1. I'd like the Karplus ³J(HN,Hα) series for segment 120-131: coefficients 6.51, -1.76, 1.60, θ = phi - 60°, whole numbers in Hz, and an x wherever there's a Gly or Pro.
2. Cut-off is 10 Å between beta-carbons; in what order do THR126, THR165, THR55 appear when sorted fewest neighbours first?
3. Please list, in chain and number order, the residues 5+ apart from LEU80 or on another chain whose amide H is under 5 Å from its amide H, with Hs placed from the backbone.
4. So what J values fall out for segment 34-41 if you push phi through Karplus, 6.51 cos²θ - 1.76 cosθ + 1.60 with θ = phi - 60°, rounded to Hz, Gly and Pro as x?
5. What distance in nm separates the two pseudo spin-label positions at GLU143 and GLU114, each 7 Å out from Cα along the beta-carbon direction?
6. From a point 7 Å beyond the Cα of ASP86 in the direction of its Cβ, which residues of segment 120-134 have a backbone N at a distance under 20 Å?
7. Which value, in Å³ per residue, describes the convex hull spanned by the Cα atoms of segment 39-165?
Amino acid sequence: MSKTSSIGTFLIIAATALLSVPTAAAKKVSDPPAAPIPIQILTGKKVFIANGESTAATEVPNLTYDEFYADMKSWGKYELVLAPADADLVFEIRYVACTGSADVVNGLGGPSFETQLHLLILDPKTRIVLWAFTRQVEGAILEGTARNNFDGAMAMLVENLKTLTTPLPPATDAPAPNK
């Protein structure tokens with residue numbers, strides 16, 4: 001047997017042996033248990049919606065605030081109040097355009113732009129942020145596509161809020177009663 005084939009055979013046997021040995025690193029690390037959601041978020045009934053500092057999303061003034069307000073009103077979960085002093089929670093909504101690093105992937109060499117929707121849930125008494133959401137708004141060249149991307153990101157943001165504020169029913173270990 002030649003020296004090259006002996007080395008090849010050894011490498012194949014070694015690789016097979018290594019692949020058949022279970023490793024400790026292959027064990028999945030478990031996620032920590034879910035931390036509690038601040039009680040104000042789960043029990044709040046009255047909400048003041050604040051129009052945070054925003055970069056214009058489109059040619060429509062106050063689009064971010066108006067669309068979020070309309071979504072909250074149509075959802076009907078909260079009584080929307082006109083003053084933060086009357087609220088259990090403050091939802092501060094904003095649209096932000098950020099400048100990122102150079103766009104070298106497309107060979108443009110200039111800065112890239114990233115747009116996001118931010119929603120802060122604040123305690124109106126302390127102004128402490130209780131929860132925050134950020135949703136990416138995909139970029140677009142055509143205004144119609146940009147608006148669709150904006151609307152989609154807003155819908156995702158509202159859906160995330162609904163998920164957070166709708167507690168799961170308690171788990172029961174007892175079997176369902178027979179009828």
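1. 10, 9, 10, 7, x, 7, 9, 6, 6, 6, 8, 7
2. Listing THR126, THR165, THR55 from fewest to most nearby Cβ atoms yields THR126, THR55, THR165.
3. Correct list: VAL47.
4. 5, 6, x, 7, x, 4, 4, 5
5. About 2.8 nm separates the two model spin labels.
6. Only 122-127 fall inside the zone, counting backbone N under 20 Å.
7. So the per-residue Cα hull volume is 116 Å³.
Every number in this text was worked out from the coordinates using simple rules, so none of it is lab data. Source: prediction; values computed, not measured. In this analysis, Cβ positions are derived from the backbone assuming ideal geometry, glycine residues included, and neighbour counts consider all displayed protein chains.
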